[in-house]
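Notes follow once the structure below has been shown.
The values are calculated or read from the model by the stated rules, or taken from the named source; none is laboratory data. Because the structure is a prediction, the values reported are computed rather than measured. Every residue, glycine as well, gets a Cβ built from its backbone with ideal geometry; the counts of neighbours run over all protein chains shown.
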Amino acid sequence: MNVNYKINVDDAYFRSVINRYYRQRPFLLRLTSQFSILGACLVVPWVYALVTSADWKHGAIVGIPINILVAVGAHYLTKVLILDKLRWSGHSTEGTVVLSEEGVTVLGQHGQSIQYWTTYSRAVRFSDGILLLRRGVIRWLPDSAIERGTGEEAAELVASKMAIRRLDQ
C-alpha cells in the first residue's frame, strides 16, 4: 500500500511545519513557553519594585510594558528567522512524496531520493497530517495533500514501521 502526497512548498507549508514541530515538543521546549518564561523573568523585578516601593519603582511603569514587548517581539522574531531559514531550502516548489513499505520517496525538481524508515527516529500523528522527524530533518505530510490513499492509511503504514505518537485526536 502506497500513500502519495502532492506538496506545495510555500510560506503556508513552512508555517505549518514550524507550528507542528513546536507543538509536539515538551512543554518547556515550546517557543511560547520559552518566551513566556523570558517575559516573566524580565517583568518580575519591575513588579517587585512596584510592590515594595523601591527607589526605582518609577522605572517599572515604563519597564514592564517594554519588557513584555521585548519578550513578545523576540518570540515572533524567532519564528520569522526560522521561516526565513526554511525558505532557503526550497521555496515555492512542488513535489511528490510517496510513503511505501520501503520508506519515504521524494520526487521534486531536483531529482528523486528515498529515505528508509530506519532513518526516521520518530513520528507524530496530528488530526491533519503526519510529522516525520530525524536529526536535522522535519517532514510534514498534511492530509490535505494526499492524492492516493487516506490519512489513516498513512498513519497505519508509519505505525507499522515505527512508534507513532498521536496528538489532537
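Taken over segment 15-37, the criterion of being among the aliphatic types (A, V, I, L, M) and either buried (at least 16 other Cβ atoms within 10 Å of the Cβ) or not assigned by TED's automatic domain parsing to the domain that holds I68 (or both) is satisfied by V17, I18, L31.
Any residue at all in segment 88-97 that is small (G, A, S), closer than 21 Å to R20 by Cα and within 16 Å of the chain's Cα centre (by Cα)?
Initial filter on segment 88-97 (small (G, A, S)): 89-90, 92, 95.
Filter again for closer than 21 Å to R20 by Cα, leaving 89-90, 92, 95.
Narrowing the set further to residues that are within 16 Å of the chain's Cα centre (by Cα) leaves 89.
Looking for residues that are small (G, A, S), closer than 21 Å to R20 by Cα and within 16 Å of the chain's Cα centre (by Cα), one finds at least one in segment 88-97, hence yes.
In segment 113-160, which residues are of a type in the set (V, I, T) and farther than 20 Å from V17 by Cβ? Selection gives I114, T118, T150. Please determine whether any residue of segment 20-31 is in contact with a strand residue (DSSP E or B) (Cβ under 7 Å, 6 or more places away or on another chain), part of a loop (DSSP other than H, G, I, E, B) and of a type in the set (S, T, N, Q). There is at least one residue in segment 20-31 that is in contact with a strand residue (DSSP E or B) (Cβ under 7 Å, 6 or more places away or on another chain), part of a loop (DSSP other than H, G, I, E, B) and of a type in the set (S, T, N, Q). When we screen A49, A12, A54 for residues that are part of a helix (DSSP H, G or I) and surrounded by 12 or more Cβ atoms within 10 Å (Cβ to Cβ), the only hit is A49.
Residues being part of a strand (DSSP E or B) and either surrounded by 13 or more Cβ atoms within 10 Å (Cβ to Cβ) or modelled with pLDDT of 95 or more (or both): count how many of those fall in segment 126-147. First the steps, then the outcome.
Initially, segment 126-147 is screened for residues part of a strand (DSSP E or B), giving 126, 129-134, 137-142, 146-147.
From what is left, the residues that are either surrounded by 13 or more Cβ atoms within 10 Å (Cβ to Cβ) or modelled with pLDDT of 95 or more (or both) are 126, 129-134, 138-142, 146-147.
So the answer is 14.
Would a scan of segment 116-129 turn up a residue that is within 14 Å of M1 (Cβ to Cβ) and acidic (D, E)? Taking every residue of segment 116-129 in turn, none turns out to be within 14 Å of M1 (Cβ to Cβ) and acidic (D, E).
Against the definition (among the acidic types (D, E), in contact with a strand residue (DSSP E or B) (Cβ under 9 Å, 6 or more places away or on another chain) and modelled with pLDDT under 90), how does E102 come out, yes or no? No.
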